1. When 1/r is averaged over all different Cα pairs and the result inverted, which Kirkwood radius in Å belongs to region 318-473?
2. Multiplying the sequence separation of ARG94 and LYS452 by 0.36 nm and subtracting their Cα-Cα distance, what value in nm do you get?
3. May I ask for the Rg/Rh ratio of region 78-160, computed from Cα atoms with Rh as the Kirkwood radius, given to two decimals?
4. Going through the cross-link list LYS22/LYS347; LYS178/LYS202; LYS22/LYS193; LYS281/LYS385, which pairs have a Cα-Cα distance over 26 Å in this structure?
5. Which semi-axis lengths, in whole Å and largest first, follow from the square roots of five times the eigenvalues of the Cα gyration tensor of region 113-219?
6. In µm²/s, what is D for the chain at 25 °C and 0.890 mPa s, where D = kT/(6 pi eta Rh) by Stokes-Einstein and Rh is the Kirkwood radius from Cα pairs?
7. For GLY28, what is the net charge nearby, where nearby means another residue's Cβ is under 14 Å from its Cβ and Lys, Arg count +1, Asp, Glu -1?
8. Before I look further, what does the chain give for accessible area per residue, probe 1.4 Å, in whole square angstrom?
Amino acid sequence: MTSTKSEAAAAVRIGAGLALRKQNELLGLLRPCFARTEPWLQAGKYVSALVSELPRVNGWSIARHGRDRTPDRTQRLLNHASWDTSAAMSVVRRFAASGLDTAARRRGGMVIGAIDETGQEKAGEATAGVKRQYLGCAGKVANGINTVHLSYVRETAGHALIGARQWIPAEHIDDPVKSLLMGLPVGLEFRTKGQLAIDISKDAAADGIRPDFYCGDEVYGSCTQLREHFEADGQAYVLRVPSNFTLTVAAGTKMTCAQVAAALLKHKRRWEIRSAGSGSKGQRWYAWAWLATASPRHHLLVRRHLRTGDLAFHYCHVPEGQLLTKARLVRAAGLRWPVEEDFAFGKDCFGLDQCQARLYTAIARHAVLVMTALAICAITAALVKDHTDTQAPPPVRPDQPPPAEPGMIPLTIPEIKRLLAALTTRPLPRWLVIHWDAWTRRHQARSRWFHKRARLTRTPSFPWPASEMRLPY
């Protein structure tokens, strides 16, 4: 037992040191993206705050963690400092893909580009892209913003966010006043979520990243322009489509996915139970059916839940010359879910949805810095996975007794973040704590005064003097 504990402690120390080296390496690679040294140093402070144990990530907490006297430098970094946000995202993208590929070199595995959008609730109407729309984070129609992301998924190794484009409503772009107030770039054109996915995939291809498959949900499977872009580029995809999606089966007959499932999949022999991949609770088993279409390069992959019978439809394209098997398509379809885990890590660990910025550029820059922090921890977790995974063999019988020593799961992204925070966080000096307490209270008093003055302009006037008003008991 002592030996096991010593090995575990050594692995943790190795992981913590590796995370710190990866942070310094990535920040060094980002230096050419900044016109001046001061914003680059401030970006380093920003990333250090993101990997710290701050309960809430905002301009004030980041500035206080970075030992600044006011939030001005943090706000300037997001809003006005001269640095190339697109180039910085490209650096993070190449760094994450290279690191995950290195971690998977011995184990191999498929590479998936998982596309999905995530939202953030916002109050008011001043934030770029804010609108009442469906937000997956809220599970309903709410006031907020949506951003399309690309996750680089390396089977058997790990995954990280490598691309982001915010969706902006057409009415914001067409309104010159709103466009100016929200800081929208000159010449920005309206793009649907599917078109934003095209832009992100082009950025990835420009950086030499071409996954085995692109995967996405119904929003992207329903986008004809996105599918045509992938097919013209020789890119395979497995995209979810709705039940009313129309496809041409053999003999030129057009049918919806629901009609195909009802007419052609009634026989049990057409279904095969396969795993969609390993989850935290074991293999994720589903029944799968694979159907050809009139095109030899297109297929429909149908997934059926074993307990509820719910169906999910995947429209698949595999270019000529690439391996085409049901097992490969099932593996690709099962590897879409890590993007959801990246959203959970990004929000719960690094404050992806806690950005209080309102301008278009500031929101994009916050996303890039969150992706930086996530990439550092994801690569570290992938590289130390083999050394920190000491779990006991899985059970093979339902009545099998538990092992005497269950071992430990490998270091996860949240654990890597906590180790990195322990190495980089120093207690604030007493004078700075007192200074921030006074600054915060003074700022809140000033804000309260201006709020009260603004309310006076909205107070309705009464037709009688205030002296004659009678207040109820």
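1. On the way: mean 1/r = 0.0438 Å⁻¹.
Radius from the Kirkwood sum: 22.8 Å.
2. Answer, rounded to one decimal: 123.9 nm.
3. Dividing the radius of gyration by the Kirkwood radius yields 1.11.
4. LYS178/LYS202; LYS22/LYS193
5. Ellipsoid semi-axes (Å, largest first): 27, 17, 10.
6. Details: Rh = 25.1 Å.
After rounding, the answer is 98 µm²/s.
7. Once all neighbours under 14 Å are counted, the net charge is +3.
8. On the way: 25050 Å² over 473 residues.
Each residue of the chain exposes 53 Å² on average to a 1.4 Å probe.
The values are calculated or read from the model by the stated rules, or taken from the named source; none is laboratory data. No experiment lies behind these values; they were computed from the predicted model shown. When we count neighbours, we look across all protein chains shown, and the Cβ atoms used for this are built from the backbone with ideal geometry, even at glycine. Heads up: the accessible areas ignore ligands, DNA and RNA and are worked out on the full protein's heavy atoms, side chains in. Shrake-Rupley method; radii C 1.70, N 1.55, O 1.52, S 1.80 Å.
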